[in-house]
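Shown next, in structure tokens, is the structure this report addresses.
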Amino acid sequence: MLIPVLSQPHGMICDRISKLAVDIVKAYRFGELGTRVTMLCVLKGGHQFFSDLCNALKRLTLTGVSEPPLTFDFIRVKSYSNMESSGKPKIEATGTDLSALKGKHVLVVEDIIDTGTTMSMLVPHLSTFGAQSVRVATLLQKRTPKSNGFKGDYIGFSIPEKFVVGYCLDYNEIFRDMDHICVMSEAGIKAHAEA
């Protein structure tokens, strides 16, 4: 039911995340400025990328610092049913006080940017709480004519317009548990479609 037309093995994903972490450390100049960043995980799909990115950043930033430079929080944004985006994302702060973002650097950690609708809504929404900066790290950025032009600040992989699952990306809550990413076959899509 799954076909590896586009397949990102786990080791390749981890290697790319390590390189993204280096780019993020340089961009925020943690060592020079003592910058603190609030990493905001977009649930559910972003949590595996978030976890691995946090670990990679901790390896690079926790040596020789008096205060840890990272804090963590979570937000839920839902916009998909089956393979289609509703175009109307719903934002839920999951126990998160968004007013606490005032004056902080925020790094939104997302699994995939498809049309850009979700991030185009979320980033300005977070900015209204007075964040000093809001940037986006995404594991996947889809190349699609449906895109509104929104691009992540830190992008793991640019992928073609295919529906992908695995590494916590799901199809109707299935396939989150795979440690790699691949494209679903038509048979898999039909078998797991919601009525």
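The values are calculated or read from the model by the stated rules, or taken from the named source; none is laboratory data. All figures in this text were calculated on a predicted structure; none of them were measured in a lab. With ideal geometry, Cβ positions are generated from the backbone for all residues, glycine too; neighbour counts draw on all protein chains shown. Accessible surface is based on the protein model in full, side chains and every heavy atom, while ligands, DNA and RNA are left aside. Shrake-Rupley method; radii C 1.70, N 1.55, O 1.52, S 1.80 Å.
Which condition number does residue 133 fail, the rest of (1) surrounded by 15 or more Cβ atoms within 10 Å (Cβ to Cβ); (2) within 20 Å of residue 54 (Cβ to Cβ) being met?
Looking at each condition in turn, residue 133 falls short on (1).
Of (1) modelled with pLDDT of 90 or more; (2) open to solvent by 40 Å² or more (accessible area, probe 1.4 Å), residue 113 satisfies all except one. Which?
Condition (2) is where residue 113 drops out.
Filter segment 143-186 for residues that are assigned to a loop (DSSP other than H, G, I, E, B) and of a type in the set (Gly, Ala, Ser); which is modelled with the lowest pLDDT? Full working, then the answer.
Filtering segment 143-186 for residues assigned to a loop (DSSP other than H, G, I, E, B) gives 143-153, 160-163, 167-168, 170, 172-173, 175-180, 185.
Retained after the next criterion (residues that are of a type in the set (Gly, Ala, Ser)): 147, 149, 152, 185.
Values: 147: 92, 149: 93, 152: 96, 185: 77.
Out of the qualifying residues, it is 185.
Do we have residue 88 as in a strand (DSSP E or B), more than 23 Å from residue 181 (Cα to Cα), at pLDDT below 75 and open to solvent by 70 Å² or more (accessible area, probe 1.4 Å) here?
Values: in a strand (DSSP E or B): yes; more than 23 Å from residue 181 (Cα to Cα): yes; at pLDDT below 75: yes; open to solvent by 70 Å² or more (accessible area, probe 1.4 Å): yes.
Yes.
Based on this model, can you work out whether residue 53 counts as in contact with a Lys or Arg (Cβ under 8 Å, 6 or more places away or on another chain) and at pLDDT 75 or above? Quick ask: steps written out before the conclusion?
Working: in contact with a Lys or Arg (Cβ under 8 Å, 6 or more places away or on another chain): no; at pLDDT 75 or above: yes.
So residue 53 does not fit the description; no.
Within segment 91-106, restricting attention to residues that are at pLDDT below 90 and part of a strand (DSSP E or B), which residue is most open to solvent (accessible area, probe 1.4 Å)?
It comes out as 92.
Could you list, in sequence order, the residues of segment 167-176 that are under 29 Å from residue 27 (Cα atoms) and not hydrophobic (A, V, I, L, M, F, W, C)? Please lay out each step first, then the result.
From segment 167-176, those under 29 Å from residue 27 (Cα atoms) are 167-169; that's our starting set.
167, the sole residue that qualifies.
Does segment 129-142 contain any residue that is over 16 Å from residue 73 (Cβ atoms) and in a loop (DSSP other than H, G, I, E, B)? First the steps, then the outcome.
Initial filter on segment 129-142 (over 16 Å from residue 73 (Cβ atoms)): 138-142.
Those left that are additionally in a loop (DSSP other than H, G, I, E, B): none.
So far as segment 129-142 goes, no, none of its residues is over 16 Å from residue 73 (Cβ atoms) and in a loop (DSSP other than H, G, I, E, B).
How many residues are closer than 24 Å to residue 92 by Cα and part of a helix (DSSP H, G or I) if we restrict to segment 11-65?
Looking only at that region, the number is 8.
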